[in-house]
Amino acid sequence: MGWLIFLIVVVVLVGVGFTLRKTFSREIDRYKRIRRSQKGE
């Protein structure tokens with residue numbers, strides 16, 4: 001039983017991590033683009 005709970009927790013954490021990384025990489029790209037356009041002025 002303990003193993004099952006451990007596996008479920010790991011799977012949930014990995015799924016959340018992937019989702020956050022996807023969202024964050026998009027936000028970071030947009031942030032970099034904004035910074036670059038501000039420097040160009």
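The values are calculated or read from the model by the stated rules, or taken from the named source; none is laboratory data. As the structure is a prediction and not an experimental result, all values here were calculated from the model.
Here is how the numbers come out for the structure above:
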{"item": "Residue in the stretch 10-19 that is hydrophobic (A, V, I, L, M, F, W, C) and modelled with pLDDT under 90 present", "result": "no"}
{"item": "Sole exception among (1) among the polar types (S, T, N, Q); (2) under 12 Å from the mean Cα position of the chain (by Cα); (3) modelled with pLDDT under 90 for Gln38, by number", "result": "(2)"}
